[in-house]
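Working notes, beginning with the structure itself.
The values are calculated or read from the model by the stated rules, or taken from the named source; none is laboratory data. Note that this is a predicted model, so its numbers are computed, not measured. Neighbour counts are summed over all protein chains in view; Cβ atoms, including those assigned to glycine, are modelled from backbone coordinates with ideal geometry. When the accessible area is computed, the model is the full protein with side chains, heavy atoms only, and any ligands, DNA or RNA have been set aside. Shrake-Rupley method; radii C 1.70, N 1.55, O 1.52, S 1.80 Å.
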Amino acid sequence: MDKPELKNFTKPESIKDYPVGPSFSGGHLVSVNSGWRTFKPVVALDTCTGCYRCYLVCPDGVIVKTEAGKVAVDYDFCKGCGVCAHECPFDAIEMVKEDLQK
Amino acid sequence: MMHNHKNESVFVSGDEAVALGVRLSRPHVISAYPITPQTIVVERLSEMVEDGSLVARYIHVESEHSAMSAAMGASSVGARAFTATSSQGLLYMAEGLHYASGGRMPIVMMNANRSLALPWSIFGDHRDSMSMLDSGWIQVYVEDAQEALDMTIQAYRIAEDSSVLTPLMINLDGFILTHTYELVEVPPQEEVDSYLPPFSTPNKMSLEDPKSMGFSTSPADNMEFKYQQHKAMMDSREVIKQADKEYAEIFGRSYNGLIDCYQCDNAEYILVTAGSVTGTARVAVDSMRSKGIKAGVLRIRFMRPFPEQEVRNTLAGAASYGVLDKDISFGYEGTMFTNVNSALSGTAHIPRGINFIGGLGGRDISVQDIEEMFEALRLCPAHDYTEYRKNRIRFVNMGVSIHE
Amino acid sequence: MNNKRITVKNMTDKEYFFGHKACAGCGGSLAVRLALKVFGDRTFAALPAGCMSAVGFIYPQMAFLNNAIISTFPGTGSMLSGMRAGLDALGIKDTHVVGFAGDGGTADIGLQALSGAIDREEKIIYICYDNEAYMNTGVQKSSLTPYGARTTTSPAGENLPGSVMHKKNLFEIVAAHDIAYAATASVGYPQDYLNKLSKAALVEGTSYIHIYATCPTGWGTPTETSVSLAKEAVDSGLWYLAEYENGEFTLNRRPKEFFPVKEHLLKQGRFKHLKDSDIRIIEEARDKKWKRMLEHWK
Ligand SMILES: Cc1ncc(C[n+]2csc(CCOP(=O)(O)OP(=O)(O)O)c2C)c(N)n1
Ligand code: SF4
Ligand code: SF4
Ligand code: SF4
Ligand SMILES: [Mg+2]
């Protein structure tokens, strides 16, 4: 996976530790998006052909190509929009209701 | 005329002096849109780029908003940028003014002070720049073409200082300065190079360390950035003085930092001015002094950061002071007057002040007008308070009677 | 920067627009994501006020991996010009200077700056993600809002069918500058978009891509249909895939038969109120446009 990692961020205690003007390191992630989901995409690896249509059309770029030539989902950042499942030509992705208890 | 050799003296207008100062400062990018009386600056700069004496990109933008926007684009990648405008153009880039200062982009801009429509007028007053006083730009008002050139070079030194990183606006009175020819000394390039280091800032995009710039904040963080802006502006006061001092050491010309006083020691009546009218005021001071009246003139060079302490120290001992504003905040008073009064507040003895509103839309201000101001300053301490307050704001040199 | 055709198989695994806070299923964010995967590390981007800047730069969460800046709302084109001039003056080579602006930021308030930038023939790439309204401020009508669309400032009611104006013909306005390269695209045809991005990356002068970008939040559409709906818009003839190069227009896709407009529109909350008479107006406008395109374009 080639994307920025989640960082621990605490609000600076001193004004000196603030950036000079609104300028900051790119790719600086401090929060995930998983809480946005009510459904999550689950890939059926036996049905998946590795066509990567889902990878192409995911607006959030959270689908990863695996070494086995299939795909996996980065659930930290998947918003559960369902585009991947809707677009998969082989119906290999199912949108499964999140267990809200968890 | 525009080619400078070592220690050359040239006979140029204020606009041309700025152009020479810009060339000596080696900007990477110039983006500007024409407006009278700024046009000569951009025409000369275009010629310098054409003839190769200035190696810079000249962007022919389609508006002043774009002029500022392009300057910010250049600054965001670490390039030194220059622009120039006036009046309606300054207002048209208003969004960009706040944006550049908030973005801590040390852009330098020349503003040819000109009246604001309506009614239309191409002639000078300070209503354009004064209306942008809160935009977070350092504002300097120069008195002649030499100072215009010198301040252009100093402007980059001040704006780009790591403790400042704030854009700077150099104000020249439209026509009176922009179009009047004077003998101006042009410093040699090598010496300017030793005075003004190449632009470097932490606040720029880079391939090694990609940046997200101009971001948004929640209420939990916004004030911190605004505080930093304020602190940088306050800290710039020392930087301005240091820049002036070092400039004097190398080039032999000093402008005394934030204010410039004439005959203010022991003066009883002090007139506060900005820009080119100061020359006239000095003549009036000499004439008053020859009559035994202790007059003086305090020229405000920097409106932001405001020379609060200098103004207070200078005016505190006076019997009365006047502030000559080429500006008015309708419904109150001149902006300089408000600022001067605020600097004096809380001092043990506050002299009486009178606000002279003059020069709007290019109206003349003569030596005699200023002598009359000093006369008024002499009389005002004796007036009873109600009388004084009634006549605190006075329009100078009205063409008609305003007593209806 | 390479010449080969970029596809989903060979595109970089690197994600440059990641962890952003766009709504689930946002077509605009897909447009930005794919573009940056084509342009790569040496990209300097400017985004005006609008959804994509609002969701990508929320201190301290910064979603762009490459250099990026929020421009003023009207000033994308001019800020790009300044960035290009600055990079060139500093000798920073092999870079892409790219703008991503919404329909409002492009066709309305940013048109002057865009026109200036194209006129100067600078090497910049301008991408308009067209979600057909001012989304970031709560779905107000822009000049790219289509006829009959309900927005918060073009409400549909007894007297009006939503927007009574048709989309401004921005693609041809841009082309009229005799720009080096311009194209229309749709997030419903991602490979076509990738092809056009790759082309834009190689163009020496200015290039412009106008991509139709679904907005489930503003359009009242299910999040999962963001790609299929954008494809359908092309198939129904309400949007089109075209290019402008060397003074000539080319149609990249000529549907033999249009997907039914009514069926397409009624899937969207913003068009739910349309009467058959309104749909006829929309079809007539479409047919007029297609007649012209088929006659004059390659
Ligand atoms: C000068 C100015 N006017 C108005 C705004 C308010 N504004 C911010 S974003 C926006 C809507 C942007 O619409 P669009 O360009 O279509 O992008 P979208 O939000 O749809 O992605 C508006 C009106 C502004 N930021 N600046
Ligand atoms: S679209 Fe379906 S088949 Fe293709 S890679 Fe994704 S899950 Fe596998
Ligand atoms: S549900 Fe949406 S965000 Fe999640 S992987 Fe699928 S397309 Fe991407
Ligand atoms: S409102 Fe529309 S364009 Fe904006 S982030 Fe949400 S889906 Fe995307
Ligand atoms: Mg929009």
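Descriptive notes on the structure:
- Surface accessible to a 1.4 Å probe, per residue, for the residues of chain B, Å²: 38
- Largest-first principal axis extents of the Cα set of the stretch C:27-296 (Å): 59, 45, 31
- The P(r) of the stretch C:120-266 has a tail past 22 Å containing 42 percent of all C-alpha pairs.
- With every protein chain in place, the protein assembly as shown: carbon and sulfur % of accessible area (1.4 Å): 52
- Dipole of chain C, positive end: most advanced residue of C:81, C:52, C:143 [Cβ charges, Cα centre]: C:52
- Working from label points 7 Å from Cα in the Cα-to-Cβ sense, the residue B:134 to residue B:266 distance is 4.3 nm.
- Excluding same-chain neighbours fewer than eight residues apart, the lysines reachable from residue C:262 by a Cα-Cα span under 16 Å are C:231, C:272, C:275.
- Karplus-based coupling profile of the stretch B:44-50, in residue order and whole Hz: 5, 5, 4, 5, 5, 5, 4, with θ = phi - 60° in 6.51 cos²θ - 1.76 cosθ + 1.60 and x standing for Gly or Pro.
- Here, the stretch A:5-97 yields an orientationally averaged convex hull projection of 7.6 nm² when only Cα atoms define the hull.
- Applying 1/(1 + (r/R0)^6) with R0 = 41 Å to the Cβ-Cβ distance of residue B:53 and residue B:218 gives a FRET efficiency near 0.25.
- Residues with amide H under 5 Å from that of residue C:186, placed H, sequence gap 5 or more: C:193, C:212
- Principal semi-axes in Å for the protein assembly as shown [√(5λ), Cα gyration tensor, largest first]: 57, 27, 26
- With all pairs of separate Cα atoms included, chain B yields a Kirkwood hydrodynamic radius of 21.7 Å.
- Projected area, mean over directions - the stretch B:55-198, Cα convex hull, nm²: 8.8
- Residue B:84 long-range amide H proximity, modeled H, under 5 Å: B:33, B:110
- Rg/Rh for the stretch C:194-275 stands at 1.05; both radii use Cα atoms, and Rh follows the Kirkwood definition.
- Simple label model, 7 Å out from Cα along Cβ direction - residue B:98 to residue B:382, nm: 4.9
- Proximal aspartates and glutamates to residue C:167, defined as alpha-carbon separation beneath 17 angstrom and excluding residues fewer than eight positions away on the same chain: C:103, C:108, C:130, C:132, C:278, C:283, C:284, C:287
- Estimated purely from DSSP H runs of n ≥ 4, each contributing -39500 (n - 2.57), the mean residue ellipticity at 222 nm for the protein assembly as shown is -10000 deg cm²/dmol once divided by its residues.
- Three-way shape call for the stretch C:1-85 based on the alpha-carbon gyration tensor, with the a/c threshold at 1.5: oblate
- For chain B, the dipole from Cβ point charges (+1 on Lys and Arg, -1 on Asp and Glu) about the Cα centre works out to 780 debye, to the nearest 20.
- With the Kirkwood sum run over all distinct C-alpha pairs, the stretch C:21-178 has a hydrodynamic radius of 16.3 Å.
- When cysteine pairs in chain A are screened for C-beta atoms closer than 4.7 angstrom, the residues that find no partner are A:48, A:51, A:58, A:78, A:81, A:88.
- Contact surface B-C: accessible area buried, both sides summed, square angstrom, 1.4 angstrom probe: 2800
- Derived scalar couplings between HN and Hα for the stretch B:375-388 equal 4, 4, 5, 5, 7, 5, x, 7, 5, 6, 4, 4, 4, 4 Hz in order, rounded to whole Hz, by the Karplus curve 6.51 cos²θ - 1.76 cosθ + 1.60 (θ = phi - 60°), x for Gly and Pro.
- Principal semi-axes in Å for the stretch B:259-402 [√(5λ), Cα gyration tensor, largest first]: 19, 18, 17
- Charging the Cβ of each Asp and Glu at -1 and of each Lys and Arg at +1, and nothing else, the dipole of the stretch A:5-97 about its Cα centre rounds to 200 debye.
- From phi via Karplus (6.51, -1.76, 1.60), per-residue ³J(HN,Hα) for the stretch C:100-117 in Hz, x at Gly/Pro: 10, 10, x, 5, x, x, 9, 7, 9, 5, x, 5, 4, 5, 5, 4, x, 5
- Label zone at residue C:115, where the point sits 7 Å out along the Cα-to-Cβ direction: the stretch C:53-86 residues whose backbone N lies under 17 Å: C:74-79
- Charge tally around residue C:219: other residues with Cβ under 9 Å, Lys/Arg +1 each, Asp/Glu -1 each, net 0.
- Sequence-distant residues sharing a close amide H with residue C:99 (under 5 Å, placed H): C:46, C:125, C:126, C:127
- Protein heavy-atom accessible area occluded, A/B pair - total, 1.4 Å probe, Å²: 1300
- Across the cross-link table entries C:141/C:267; A:3/C:199; B:211/C:9; A:11/C:37; C:141/C:199; B:204/B:231, which are compared at the Cα atoms, the separations over 22 Å belong to A:3/C:199; B:211/C:9; A:11/C:37; C:141/C:199.
- Extension gain (nm, one decimal) between residue B:88 and residue B:162, 0.36 nm per residue minus Cα-Cα: 23.5 nm
- Folded to 0 to 90 degrees: helix B:335-344 orientation relative to chain B principal axis, Cα: 70
- Highest-MSF residue in chain C out of C:116, C:91, C:50 [GNM, Cα springs under 10 Å]: C:91
- Accessible area of the stretch A:1-60 divided out per residue, in Å², using a probe of 1.4 angstrom: 53
- Top positive-direction residue, dipole computed over the stretch B:294-356 with Cβ charges, set B:355, B:343, B:298: B:298
- Isolated Cys residues of chain B, judged by Cβ distance under 4.7 Å to other cysteines: B:380
- Note on chain B: dipole from Cβ charges, positive end direction compared against B:315, B:216, B:18; the farthest Cα belongs to B:315.
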